[in-house]
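All remarks here apply to the structure that follows.
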Amino acid sequence: MATIAEGGLFPPIIQAYLPAIAIKNEEPFITIPYNTSEYNTLSDIKSIQISITRQSNYDSLFDKNKYRRGIYVINNTSLTSEDNTLTISKDILNMSQLSYNEYYKVQLRFSKIPCPVNAEPGQACLIGEQLSLYLLDESNLTQFSEWSTVCLIRFIAPPVITIDSTAGLIYPSQDQPTLHSSNLTIYGNYKKENINAPDNPFPSEIDNGTIDKEYLSSYQIKLLTIDNSPEVIFDSGSINVNKENPNEFYYEIPYFFNNNDTLTLQFTYVTANLYTETLSNNISVSYDSSSWVNQSYVEEVTSIDNVIGKVNISFMPQDEEVPVPAGSILTVRRGNDQDGFKIWDTIWSKTLQSPLDTTLSVDDFTVESGVLYKYEITFTDPSTNDNYTIVEGPVMTIFDHAFLTGEGTQLCVKFNPNIGSYKINVGDNITNTLGSQYPFTQRNGDMYYRTFSLSGTIAYEMDVQHQFYTRTEMYGEWIDVYGSYFVNHYINQQNDKITQRKFREKVMEYLYNDIPKLFRSTPEGNILVTITDVNLTPNQQIGRLVYDFSCTATEIGEASIENCKLYKIQDFGDL
């Protein structure tokens, strides 16, 4: 395909596709960005020709009675050295060709001669018979560039975003809603405006027999300060919607809203064909931060355990005679000093299906050694729907051992723990050249992950507090029979090869199952890993009573609460 015409002009440079255009009663209706080739001077370009055709039938989107051959011509009076745009108003379009779920092809070309008829900037300078003669004149054709590549556009019904929240905010319809809580979850849906509605600018001219199939693709939530130079204090990043329910969204903002804060909440959404819109509103925060004492059903105790590296939160009825009612919601959120206690994650939540008359314990095994944590404990009263909240901490745990945590349990690497060949993997390439003394180095992509070797001794006694595999789980209903046999045959902790074997087999199953685990230790911190290349070596000096193991741990992602939930590292309640 030729890239330059006889006239010496290179064609315009345009994008392969543009974001979807919502059919609203606004101007300009279509905006087409374009650029010029660096091989042409701006003074060479005197006019621009525009073609927009419907892909299914090749009919022009321009009024065919005025704009013959489907071409719209304007004088170029505003071209600059930067990116430029052409705007098309709806009054020059053939609205009968406007349809949903249809692509339209846009092409541009330049001319070295101006239109013979003067016109206002951005307005057509040739219509009807004059336009036909101008386009058919061979002396003019030699002054035109080739047509640009094709740019696709698509029209969609006006989007309608409905946003609600668990805190009762109706957003963004309220001018400045008040949040009566330290946390906020927003949810809602994406819909299309009724194309037959009276306020639709083209209710009778759009192809109403076709339902607009545009759908939500992703969304992003930001929190900003309110001042002369707003600062982004939280950014969710782009969040893809659930494929099963593409037009619905649900997001718990992992941020601690402080009392008396006033912030700007921005919700930006993108549809499948890149239509983008941002909804913005200010919100104020006002709540009783010590309201936990005002409720009369439940109390809690927070404690730490350095031996097995956990924080425990226990709920129990305040009055043994008055259980916590069914329908109550217990929620635990957590923040840490690494981000100044700004980002808070929900680590556990449960709706009581029956009254609670005993202690209910929550173990947090995802804490990192040497990090300060605060816990927000919330009780939602089912009879009034009131939230009662208290913040505990800061607390810190420093581990005595290393752990492989996952599947609601953890393996304590207590005996002979060893970390070797700790390596950070990056994509570095070194290229030697013939003409230089030194090579070129180049880092390829964003690859950056850790691998290390882990080894230790497998013994039943490594199971601190017997949280991994107990004797009752090993022997089941026959535990008393085994116990009697061991006593009668003088089998004790120093020569109990049966218990050691059963425990070792459970450990092997845990290491070989290819399920991600959270490695935790004080020197290395928390690392989300998969375990590979597992090797076991019998300890011959004590008659193969215990085995040593070695393996390779490879980091597979950030050790975040989201990833811990994804891989079911621990019990997160109803989350």
Original post:
Residue check, residue 433 against (1) out of contact with any helix residue (DSSP H, G or I) (no Cβ under 8 Å at 6 or more places or on another chain); (2) assigned to a strand (DSSP E or B); (3) among the hydroxyl-bearing types (Ser, Thr, Tyr), all met but one. Which one?
Top reply: (2)
Original post:
Has the range 287-296 got any residue that is surrounded by fewer than 18 Cβ atoms within 10 Å (Cβ to Cβ) and part of a strand (DSSP E or B)?
Top reply: no
Original post:
If residue 434 satisfies every condition in (1) out of contact with any Ser or Thr (no Cβ under 6 Å at 6 or more places or on another chain); (2) surrounded by fewer than 11 Cβ atoms within 10 Å (Cβ to Cβ); (3) modelled with pLDDT of 85 or more but one, which is the exception?
Top reply: (3)
Original post:
Quick one: how many residues across the range 376-426 are among the β-branched types (Val, Ile, Thr), over 20 Å from residue 364 (Cα atoms), in a loop (DSSP other than H, G, I, E, B) and in contact (Cβ under 8 Å) with a residue 12 or more places away in the chain?
Top reply: 0
**OP:** Would you please list the contacts, defined by Cβ atoms under 6 Å and residues six or more apart or on different chains, that run from a residue in the range 77-95 that is within 14 Å of residue 48 (Cβ to Cβ) to a residue that is at pLDDT 75 or above and hydroxyl-bearing (Ser, Thr, Tyr)?
**Re:** 84/34; 85/31; 87/31
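Is it true that residue 575 is surrounded by fewer than 16 Cβ atoms within 10 Å (Cβ to Cβ) and within 24 Å of residue 508 (Cβ to Cβ)?
On the way: surrounded by fewer than 16 Cβ atoms within 10 Å (Cβ to Cβ): yes; within 24 Å of residue 508 (Cβ to Cβ): no.
Against the criterion (surrounded by fewer than 16 Cβ atoms within 10 Å (Cβ to Cβ) and within 24 Å of residue 508 (Cβ to Cβ)), residue 575 does not qualify.
Residues are listed down the side, and each one gets a yes or a no for (1) outside the structural domain of residue 255 (by TED's automatic domain parsing); (2) crowded, with 16+ Cβ neighbours inside 10 Å:
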residue	(1), (2)
274	no, no
310	yes, yes
314	yes, no
318	yes, no
324	yes, yes
341	yes, yes
348	yes, yes
Original post:
From the set of residues in the range 503-548 that are surrounded by 14 or more Cβ atoms within 10 Å (Cβ to Cβ) and of a type in the set (Ser, Thr, Tyr), which is farthest from residue 407 (Cα to Cα)?
Top reply: 547
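Taking the options 260, 228, 245, name whichever one is of a type in the set (S, T, N, Q), in contact with a Ser or Thr (Cβ under 9 Å, 6 or more places away or on another chain) and surrounded by fewer than 17 Cβ atoms within 10 Å (Cβ to Cβ).
Values: 228 fails: in contact with a Ser or Thr (Cβ under 9 Å, 6 or more places away or on another chain); 245 fails: in contact with a Ser or Thr (Cβ under 9 Å, 6 or more places away or on another chain).
Just a single option satisfies the conditions, and that option is 260.
Per-residue answers, yes or no, for (1) modelled with pLDDT under 80; (2) part of a loop (DSSP other than H, G, I, E, B):
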site	(1), (2)
2	yes, yes
27	yes, yes
39	no, yes
58	no, yes
73	no, no
78	yes, yes
91	yes, no
Subject >> Every pair of residues 6+ apart whose Cβ atoms lie under 8 Å, when the first sits in the range 224-249 and is without any contact (Cβ under 8 Å) to a residue 60 or more places away in the chain while the second is small (Gly, Ala, Ser) and part of a strand (DSSP E or B) >> reply: 238/218; 239/218; 240/217; 240/218; 241/217; 241/218; 246/217
Original post:
Which members of the range 514-547 meet the condition of being under 28 Å from the mean Cα position of the chain (by Cα), within 25 Å of residue 473 (Cα to Cα) and not acidic (Asp, Glu)?
Top reply: 515, 516, 517, 518, 519, 531
**OP:** Answer yes if at least one residue in the range 297-312 is among the aromatic types (Phe, Trp, Tyr) and under 28 Å from the mean Cα position of the chain (by Cα), and no otherwise.
**Re:** no
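Out of the range 452-465, which residues are surrounded by fewer than 17 Cβ atoms within 10 Å (Cβ to Cβ) and within 40 Å of the chain's Cα centre (by Cα)? So that I can check it myself, show each step before the final result.
Going residue by residue through the range 452-465, those that are surrounded by fewer than 17 Cβ atoms within 10 Å (Cβ to Cβ) are 453, 455, 461, 465.
Listed by number, the residues that qualify are 453, 455, 465.
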Original post:
For residues in the range 155-192 being of a type in the set (Gly, Ala, Ser) and part of a strand (DSSP E or B), which is modelled with the highest pLDDT?
Top reply: 188
**OP:** For the range 523-538, state whether one or more residues are in a strand (DSSP E or B), on the phi > 0 side of the Ramachandran plot and not aliphatic (A, V, I, L, M).
**Re:** yes
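Which of the residues that make up the range 408-431 are within 29 Å of residue 375 (Cα to Cα) and at pLDDT 90 or above?
Of the range 408-431, the ones within 29 Å of residue 375 (Cα to Cα) are 408-414.
Of everything in the range 408-431, those that are within 29 Å of residue 375 (Cα to Cα) and at pLDDT 90 or above turn out to be 409, 410, 411, 412, 413, 414.
Please specify each residue of the range 414-441 satisfying the condition of being of a type in the set (D, E, K, R) and under 19 Å from residue 522 (Cβ atoms). Walk me through how you get there before you give the answer.
First pass over the range 414-441, keeping only residues of a type in the set (D, E, K, R): 414, 423, 428.
Scanning the range 414-441 gives a single hit, 414.
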Original post:
Which of the residues spanning the range 357-378 are buried (at least 18 other Cβ atoms within 10 Å of the Cβ) and either in the same structural domain as residue 408 (by TED's automatic domain parsing) or polar (S, T, N, Q) (or both)?
Top reply: 366, 369, 378
**OP:** Taking residue 567 as the residue in question, decide whether it is touching a residue at least 60 places away in the same chain (Cβ under 8 Å) and closer than 29 Å to residue 351 by Cβ.
**Re:** yes
Original post:
When the range 466-492 is examined, which residues are found to be at pLDDT below 80, surrounded by 11 or more Cβ atoms within 10 Å (Cβ to Cβ) and not in a helix (DSSP H, G or I)?
Top reply: 491
Original post:
For the subset of the range 8-48 comprising residues that are surrounded by fewer than 18 Cβ atoms within 10 Å (Cβ to Cβ) and hydroxyl-bearing (Ser, Thr, Tyr), which member is nearest to residue 89 (Cα to Cα)?
Top reply: 31
Original post:
For the range 367-374, does any single residue satisfy the condition of being at pLDDT below 95 and aromatic (Phe, Trp, Tyr)?
Top reply: no
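Evaluate the following for residue 148: is it under 30 Å from the mean Cα position of the chain (by Cα) and in a loop (DSSP other than H, G, I, E, B)? Steps first, answer last, please.
Details: under 30 Å from the mean Cα position of the chain (by Cα): no; in a loop (DSSP other than H, G, I, E, B): yes.
So residue 148 fails the test.
The values are calculated or read from the model by the stated rules, or taken from the named source; none is laboratory data. Everything numeric here is computed off the predicted structure, so don't read it as measured data. Note that we place each Cβ from the backbone using ideal geometry, even for glycine, and neighbour counts take in every protein chain shown.
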